[in-house]
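Beneath this line is the structure, given in structure tokens, with notes to follow.
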Amino acid sequence: MKITSFEQYEQAYKQSVEQPEQFWADVADNFTWKKKWDNVLQWNFKDPDVKWFSGGKLNITENCLDRHLEKNADTPAIIWEPNDPTEDFRVLTYKQLHDKVCQFANVLKNNGAKKGDRICIYMPMVPELAIAVLACARIGAIHSVVFGGFSAQSIADRIKDADCNIVITSDGAFRGNKDIQMKNVIDDALVQCPSVKRTIVLTRSRTAVSMIKGRDVWWEDEIKKVETQGNPECPAEEMDAEDMLFILYTSGSTGKPKGVVHTCGGYMVYAGYTFANVFQYNPGEVYFCTADIGWITGHSYIAYGPLSQGATTLMFEGVPTYPDAGRLWDIVEKHKVNILYTAPTAIRSLMGFGLDFVKDKDLSSLKKLGSVGEPINEEAWHWLDDNIGHNKCPIVDTWWQTETGGIMITPIAGVTPTKPGYATLPLPGIQPVLVNENGQEIQGNGVSGNLCIKFPWPGILRTTYGDHERCRTTYFATYDNLYFTGDGCLRDEDGYYRITGRVDDVLNVSGHRIGTAEVENAINMHSSVVESAVVGYPHDIKGQGVYAYVVCPDMHEDADLTRKDIIMTVSRIIGPIAKPDKIQFVSGLPKTRSGKIMRRILRKIAEGDTSNLGDTSTLLDPAVVEEIKQGALK
Ligand code: ATP
Ligand code: MG
């Protein structure tokens, strides 16, 4: 199943389009099934109704744990690096992880959990989070992981939406120099959630918490009970390929988060296949993804993907800037990380701290680098290539979404020739098309349009929880027989794909369509700019004007001169057509907790309409919005 040359990629791609069922059946054969499927694929994008490997029986945890025990019981499955670098790190081998998952699965059963139940997990990035996720999958309960930074109201919304009956949490969490009161937040959320009958509380920060008799139990006490019961095994529940595995809410950068549903068989095959190929994982390598398990990147590429391949996955509890901006590089050095998968927002923020935090670090173990979450601007791409990869590590710019389950358009490390700013080519099985506003496919190269996918892949979302109609209207109703990604995209003369941002974020300046990401990329090239966000606003002459919010912490000249320099930079790089009409200097941008810029808020401010900013519950720092509102340019 592993592609190792560009010729092999081309062959695999061709086969995946001509004989998709055969192609995916061959891939699926690399996994452990309790019973093989009856049909590889049944589908229509109208309802939509997509089934992969139906009739097949499996449990994803047997693929992530049990099947590695024979040969790799003592291979590290998880290396855990704590928030505080002076605290001991932990290593769990496949055998240890297997035993802990079985143990906690029995805890869940003792607490009334059954197949099909929805269980909310709200925990810090500790190994027990991965254990909780896998224990749910072990017994066939559906997990809904909520990122540990969310507020009580956001958690309550998600618990109610999925009608969860159990919550797994911890007393508190350490993130940077913060001490987060997780159980308190859960207590506030549960006031609104009568469906929750049990909370299981892990001890992490040993902060004082309220424990309600009959509802709240300690993780450690429950483990002791299982130990005295003396039955450490927990047989893996037999799941249908199309049974739900998990619900995960999108990051909410374009509106109210959607409860994306993934199922057992297809998701497993897709997460495993893409992990093995994109990162070209070799046995013995240490792989470090800096995401949180609370996001899809963590689900697919900290937990399920790597574990299904018997890989060693590093989990980091803290943040890249604690105790200082060299932390990621310290971790690479300490654990001899070979593969690093991170996000443009993290790279840009670390760039802002300068090279002092990088220069003395031994990064020689690194072999492959990856990026996800947003278009990576060229400056960040080169910074990563020059200063972290020392121009010898392929960079994979991986485009995908919560809804796609796994990576879709990306270079394969060391196999696909890369180009900065480009996600390059679709993986085998992925058939991207670009369409114009009327839904007509735009053929050929050197074109841009709205990115759609015309054929299902095993990791495609099956529904949005409790609201299939929302799934249909959001993704399948815009264009007939196409999955609509919501992203704008360019296909260059070489057939390489470059994501230009959300379709809503494409500007139309004097009749020219320009992606916000293109303009931001150019602005960020200016030497004193750390980060920027660009939106359109109504303009009498041009139709839309370009409004840029720019983070420029140490401006050398006065603001007006810097503005002119930025405008000159954009003119040079894209052309005068993309010149910002307004440049507002800000101290930070409104970001979601997953690090994405909420452009819809910036758009409203640029339009001068701040009365209703919509759902801002997923914002990291609402205060920044106030500051931007105050300083808005008329
Ligand atoms: P919501 O759908 O609630 O607005 P979201 O789309 O931010 O949330 P995710 O599913 O985490 O939530 O993000 C997927 C989006 O991230 C993609 O649609 C795309 O816009 C962007 N993205 C991810 N990776 C890349 C990449 N490598 N290049 C460009 N854009 C990317
Ligand atoms: Mg989205």
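Panel order for Leu620, Leu108, by other beta carbons found within 10 Å of each beta carbon, from fewest to most: Leu620, Leu108. With respect to the chain, whose longest principal axis is taken over its alpha-carbon atoms, helix 94-110 is tilted by about 70°. Counted over all Cα-Cα pairs of the chain, pairs farther apart than 35 Å make up 38 percent.
Counting only alpha carbon atoms, the long axis of helix 6-18 and the longest principal axis of the chain meet at about 80°. Between helix 127-139 and the chain there is an angle of about 60 degrees, using the helix long axis and the longest principal axis of the Cα atoms.
For the chain, the Cβ-based charge dipole about the Cα centre amounts to some 880 debye (Lys, Arg positive; Asp, Glu negative; other atoms uncharged). Measuring from each cysteine beta-carbon in the chain, the ones with no other cysteine beta-carbon under 4.7 angstrom are Cys64, Cys136, Cys193, Cys264, Cys289, Cys393, Cys452, Cys471, Cys489, Cys552. Coupling constants for segment 403-408 follow from the phi torsions by the Karplus curve (6.51 cos²θ - 1.76 cosθ + 1.60, θ = phi - 60°), and in residue order they are 5, 8, x, x, 5, 10 Hz; glycine and proline get x. Within straight-line reach of Lys359, meaning a Cα separation under 18 Å, sit the following aspartates and glutamates at least 8 residues removed in sequence or on another chain: Asp324, Asp330, Glu333, Asp385, Asp386. Checked against a 22 Å cut-off, the cross-linked pairs Lys542/Lys579; Lys183/Lys213; Lys35/Lys454; Lys334/Lys392; Lys100/Lys225 give Cα-Cα distances beyond that limit for Lys35/Lys454.
In percent, rounded to a whole number, the relative contact order of segment 1-112 is 15, using alpha-carbon pairs under 8 Å and six or more apart.
A short reminder: the numbers here are calculations on the coordinates, not readings from a lab. Since the model is a prediction, treat every value here as computed from it, not as a measurement. Here the Cβ is made from the backbone with ideal geometry for all residues, glycine too, and neighbour counts use every protein chain on show.
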